[in-house]
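Structure, as structure tokens:
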Amino acid sequence: MIHSMHIIGSRQMGGAEQFYMRFVRAIDQRGLNVLAVNRPGCPVNTAMNETVPQQTIPMRNGWDLLSVLKIRRLIRNTGPLIVQTYMGRATRLTRLPRDSAAIHVARLGGYFKIKGYYQHAHAWVGNTRGICDYLIREGLAADRVYHIGNFVELSSPPAETALQARRQSLQIPADAVVLFSLGRFVDYKGFDDLLSAFARVPRDIHGRPVILVIAGDGPFKKSLHQLARQLALAPRLRWIGWQNDPGPYYDLADVFVCPSRHEPLGNVILEAWAHRLPVITTRTQGALELVAEEESGLLVEIRDPVALAACMTTLVEAGPAAWQSLAANGLASLKQHHTEEAVLKAYLNLYAELQPGTADGK
């Protein structure tokens, strides 16, 4: 019998998938019996490799009855006490056998459609208070809705030689101030707003060139590159593509910028804090829960490149002491609310409440 089964049906890699991998690995490292279930050949399956036990199931689009039956058979054969699903596809396709003693926990990191996807679970976890409130408004039982946030891994300061080498590889001057942003190139991530804002930021501030590094990929790639050319940003813009491990680029940066138009939580904010970076972010639902304004980060209105440009310029002008203050407060918030220990403990307590047989990993 396994302690818990974790199912995700993603075809791509993003914040939810990164959390899934961190969380499953953390449970496995605690010595608890765990099984990860994902799609064959997907980035999660490839990245996790043999680090934890895995099974693959196609989980195709729509009502994939064959995958429903395969998941049900896998649950019956392995006998997990907890089956935790992530996002709509995996949750919709996970239907416990009638004779199963397992508890189905659906974990949500966004404001997804509930009807037809989530009602059949026994309990629901939202990673923000806003999502939890939404689930209750959508008619899910309030006493079975739980708020547990995400965690990211704390970063150790990198070696100076490694930073210098990376700067050289990207042709970034040694004295440059580096702004960093990353994400999927889709509309709601707001990268066109970021480019428009950066075009308004002075090329040099206090004698130091200002460089923007963007990591990511997606359907808007061509239009974003075209906009950057129209804005003549090429000399001070670095596109570095999608990065499964963006850590070295957080380390390279002086300031992190999140220009999203919609962000239920904002794992990138947590990652920036973990790398001791000051954060500028738009006023998304997630950012408003995470960031104490002008204390652990700076907030600007959504879809306002002029305000974003002014904020970036002001923070760069303020210099390293101001950056370090914001970064230190962000790191303190991270350590208080979003550590692996705190989040894992909250989940294990939840499992024990729902399924007493999971207490102490039994």
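The values are calculated or read from the model by the stated rules, or taken from the named source; none is laboratory data. Every value quoted in this text rests on a predicted model; they were computed, and no experiment measured them. With ideal geometry, Cβ positions are generated from the backbone for all residues, glycine too; neighbour counts draw on all protein chains shown. Note: accessible area is taken over every heavy atom of the protein model, side chains too, but ligands, DNA and RNA are not part of it. Shrake-Rupley method; radii C 1.70, N 1.55, O 1.52, S 1.80 Å.
A compact table of results
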| quantity | calculated |
| --- | --- |
| Solvent-accessible ranking of MET87, MET312, largest area first, probe 1.4 Å | MET87, MET312 |
| For the range 88-234, the fraction of alpha-carbon pairs in successive 5 Å shells from zero, as % | 2, 7, 12, 12, 11, 11, 10, 9, 9, 7, 5, 2, 1, 0, 0 |
| Rounded Å value of the spacing that divides the Cα centres of the range 182-254 and the range 68-132 | 37 Å |
| Percent accessible area from carbon and sulfur atoms, the chain, protein chains only, probe 1.4 Å | 49 percent |
| Cα radius of gyration and Dmax for the range 1-159 (Å) | 15.4, 55 |
| Stokes-Einstein D in µm²/s, Kirkwood radius over Cα pairs - the range 87-144 at 37 °C with 0.692 mPa s viscosity | 282 µm²/s |
| Efficiency of FRET from Cβ geometry, HIS147 and HIS206, R₀ 51 Å, rounded to 0.05 | 0.75 |
| Ratio of the Cα radius of gyration of the range 223-308 to 2.2 N^0.38 Å, where N counts its residues | 1.14 |
| 0 to 90° range, to nearest 10: angle between helix 305-318 axis and the chain longest Cα axis | 70 degrees |
| Calculated over the range 48-135: convex hull of Cα atoms, volume per residue (Å³) | 114 Å³ |
| Rounded accessible area of TRP239 (nearest 10 Å², 1.4 Å probe) | 70 Å² |
| Inter-label distance for ASP245 and ALA322, nm, one decimal - labels placed 7 Å from Cα along Cα-to-Cβ | 3.5 nm |
| 25 °C / 0.890 mPa s Stokes-Einstein diffusion coefficient of the chain, Kirkwood radius on C-alpha pairs, µm²/s | 114 µm²/s |
| Rg to Rh, two decimals, where the range 205-258 supplies the alpha carbon set and Rh follows Kirkwood | 0.98 |
| Dipole magnitude (debye, nearest 20) for the chain, charges at Cβ of Lys, Arg, Asp, Glu | 1500 debye |
| Solution diffusion estimate, µm²/s, Stokes-Einstein, the range 203-362, Kirkwood Rh from C-alpha pairs, 10 °C, viscosity 1.306 mPa s | 90 µm²/s |
| Isotropically averaged projected area of the range 287-359, using the convex hull of Cα atoms (one quarter of hull area), nm² | 6.5 nm² |
| Helix 320-337 axis, angle to the chain major axis (alpha carbon atoms, nearest 10°) | 10 degrees |
| Distance between modelled label sites at SER100 and GLN168, nm, 7 Å Cα→Cβ extension | 5.5 nm |
| Residues of the chain: accessible area per residue with a 1.4 Å probe, Å² | 44 Å² |
| Shape call, the range 8-88: gyration tensor on alpha carbons, a/c limit 1.5 | oblate |
| Neighbourhood net charge (9 Å Cβ-Cβ; Lys/Arg +1, Asp/Glu -1) for PHE151 | -2 |
| Sites ARG261 and GLN55, calculated FRET efficiency, Cβ-Cβ separation with R0 35 Å, nearest 0.05 | 0.45 |
